[in-house]
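This report refers to the structure that appears directly beneath it.
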Amino acid sequence: MKPILVIDDDDDIREVLAGILKSAGYAVVEANDGKSALDRMFREEAETPCLIVLDLYLPVLSGWDFLAVKERYHRLAAIPVLVITGSRAPLGGLKHQRSVVGYFEKPLDLDSFLQSVDRAAGGHRVR
């Protein structure tokens, strides 16, 4: 069972997202910045995520930089990404990211978010 990797530096948001995804039947792993997320993916081969939920504005390694590194590794490049952000800034650069399959502003519309999760990772539910 491949987990969904939730990357957000806000502990409360990350924990709420993880709880929602677990309630929807998904296995979840968490990271609070882009560097620790990449370290996890390189270290834990057996837990390559089926989907990444990524905040863009992170400490240590931003979501933008995380995407740039992820795209350079064949094993990671195909993992779909749902971007979440609290920013209302123009994010046109996301169009050029092959693996980004959706974009959501905080606060999330949970129904739309879960529908996107189901489309991107639906075959990986625990139940």
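The values are calculated or read from the model by the stated rules, or taken from the named source; none is laboratory data. Since this is a predicted model, take the numbers as computed values, not measurements. Cβ sites come from the backbone with ideal geometry, for glycine too, and all protein chains shown count toward neighbours. What goes into the accessible areas is simple: the full protein's heavy atoms, side chains included, and nothing from ligands, DNA or RNA. Shrake-Rupley method; radii C 1.70, N 1.55, O 1.52, S 1.80 Å.
Using r as the Cβ-Cβ distance of GLU15 and GLU47, and R0 as 22 Å, what FRET efficiency do you calculate, to the nearest 0.05? The value I calculate is 0.70. Solvent exposure of the chain, expressed per residue, is 51 Å² of accessible area, with all protein chains present and a 1.4 angstrom probe.
In a solvent-free Debye calculation with one equal scatterer on each Cα, what is log10 I(q)/I(0) for the chain at q = 0.14, 0.16, 0.19 Å⁻¹, listed in the order of the q values? Cα-only, vacuum Debye calculation for the chain: -0.53, -0.71, -1.05. Here the chain has 52 percent of its accessible surface on carbon and sulfur atoms, given a 1.4 Å probe and all protein chains in place. Take every DSSP beta bridge whose two residues both sit in the chain, then give the antiparallel share in percent to the nearest 5. Around 5 percent antiparallel, to the nearest 5. Relative contact order for the chain using alpha-carbon pairs under 8 Å, separation at least 6, rounded to a whole percent? In percent, rounded to a whole number, it is 27.
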